[in-house]
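Chemist: There's a structure below that I have some questions on.
We did not get these values from a lab; they are worked out from the coordinates using the rules stated. Because the structure is predicted, anything quoted here is derived from the model rather than measured.
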């Protein structure tokens with residue numbers, strides 16, 4: 001009951017009258033200091049660059065190894081054929 005009175009099923013309990021006061025709007029959190037933002041951005045960029053470089057290096061190394069193995073196999077086949 002919003003107007004106060006007894007709770008259904010229990011005549012001894014009285015609910016208080018309720019008034020609705022909406023909460024004030026929340027203020028946005030304060031902006032972090034620019035130096036902190038710059039530091040975090042630099043760290044994140046550095047981590048991403050390191051990950052990308054590692055992936056690219058792995059791919060290039062795999063390609064080079066495959067090419068070298070193919071060349072060695074071809075050279076061995078040529079020398080056996082002599």
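Chemist: Could you work out the pair-distance distribution P(r) of the range 30-82 from its alpha-carbon pairs, with 10 angstrom bin width and percents rounded to whole numbers?
Modeler: Result returned by the calculation: 21, 21, 17, 15, 11, 8, 4, 1.
Chemist: Starting from the Cα-Cα distance between residue 63 and residue 31, subtract it from 0.36 nm times their residue separation and give me the gain in nm to one decimal.
Modeler: 6.8 nm
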